[in-house]
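This report concerns only the one structure given below.
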Amino acid sequence: ERRSASRRPVRFGLTTNGSLLDDRVVSFLEEHRFRIQVSFDGLAQDLSRRKGSRRVLTERIARLLRSPALQVETNSVFTPRTVTFLSGSLKLLHDLGVPEIHLSLSSLDPWPRAALAELRRQLRAYGRYARSRPGPGGRPPLDLFRPANGNAVFICVAGSDRVAVAPDGTVWGCHLFIDHFWGRRRSTEARRYNLGRIDRFQNPSPSRLAEIRAPYAGLSAFRFRTPDGPCWACPDVGDCAICPLDASPPGGEIGLIPAWTCRTEKILREARDWFQTIRAF
């Protein structure tokens, strides 16, 4: 904050499961006007995470939302096993008043045909609910249901206008890289994306900045591929935004997209386009 006073402003964010958000921590976050993204799986929380954490997190999210100094977001992850909870979970977050709801689908397990059909049904059920209860300014809180930002090939912004600090003090282009390389920081690939320790990172030279950005600059859909072939050959590449880390299992090859992730991504795009056409009831 001191160093950025005469330069472009710096904004701080925290991705958390919420377990340590006591009053002392929240006061610190309020003082520095943090953006808080809480990982919360809604009705599936007790099944996919720690039993009993659903009630606690619901109360803590409500507490964060009462603070005008904080920008609060949630991210909910669903699997083929928990997809039946999707609509009800999004309704819960919607009714809590979360202004920015993110939806993620696990790529760790294959999505069979029945799970894909259930995903379509759940998205439409919540879509009708969201249409009848628009957010502030008529803006849907679920980012999926907002209009697409034109036709552009996905490029990862990690390391370009943001960095993430891990609990051990190492710096990465995005918080997703921290989890991806957890437990294997000394691998050759991890060393490419590890930007060094925070105490050495604070005053990088222009040449060091260029060196830092180089591995992240290659994270474009044109460099990704699926078992069926390269992503650049897909007719939907200009309307696809698959994050290479979300699509890769921990420790897997970055940029290798599982076939079922392509199928779930297509269903999400269809749901977005469908939502733009329906009317509130």
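Kindly establish whether residue 253 is open to solvent by 60 Å² or more (accessible area, probe 1.4 Å) and among the acidic types (Asp, Glu).
When the stated conditions are applied, residue 253 passes them.
Given the structure, is residue 22 out of contact with any His (no Cβ under 7 Å at 6 or more places or on another chain), exposed (fewer than 10 other Cβ atoms within 10 Å of the Cβ) and among the acidic types (Asp, Glu)?
When the stated conditions are applied, residue 22 passes them.
Residue-wise test of (1) under 18 Å from residue 254 (Cβ atoms); (2) of a type in the set (Phe, Trp, Tyr).
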residue: 162; (1), (2): yes, no
residue: 169; (1), (2): no, no
residue: 172; (1), (2): yes, yes
residue: 176; (1), (2): yes, no
residue: 179; (1), (2): yes, no
residue: 188; (1), (2): yes, no
residue: 192; (1), (2): yes, no
residue: 195; (1), (2): yes, no
residue: 199; (1), (2): no, no
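Please report, ordered by residue number, the helices (runs of 4 or more DSSP H) entirely within the range 150-250 with at least 1 residues that are farther than 29 Å from residue 79 by Cβ. Reasoning before the result, please.
On the way: elements: 175-180, 188-193, 198-201, 206-217, 244-247.
The helices (runs of 4 or more DSSP H) meeting that bar are 188-193, 198-201, 206-217.
Of the residues 162, 213, 146, only one is closer than 30 Å to residue 88 by Cα, among the basic types (Lys, Arg) and surrounded by 12 or more Cβ atoms within 10 Å (Cβ to Cβ); which?
146
Let's see how each residue does on (1) at pLDDT 85 or above; (2) among the small types (Gly, Ala, Ser):
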residue: 224; (1), (2): yes, no
residue: 233; (1), (2): yes, yes
residue: 250; (1), (2): no, no
residue: 254; (1), (2): yes, no
residue: 259; (1), (2): yes, yes
residue: 264; (1), (2): yes, no
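Just to be sure I understand the filter: pairs with C-beta atoms under 7 Å, separated by 6 or more residues or on different chains, first member in the range 170-181 and within 13 Å of residue 198 (Cβ to Cβ), second member assigned to a helix (DSSP H, G or I) and open to solvent by 30 Å² or more (accessible area, probe 1.4 Å). Which pairs pass?
Close Cβ pairs (under 7 Å, with a partner that is assigned to a helix (DSSP H, G or I) and open to solvent by 30 Å² or more (accessible area, probe 1.4 Å)) amount to 171/198; 171/201.
The values are calculated or read from the model by the stated rules, or taken from the named source; none is laboratory data. Model, not experiment: these values are computed from the prediction. Every residue, glycine as well, gets a Cβ built from its backbone with ideal geometry; the counts of neighbours run over all protein chains shown. In case anyone asks, the SASA skips ligands and DNA or RNA and just uses the protein heavy atoms, side chains included. Shrake-Rupley method; radii C 1.70, N 1.55, O 1.52, S 1.80 Å.
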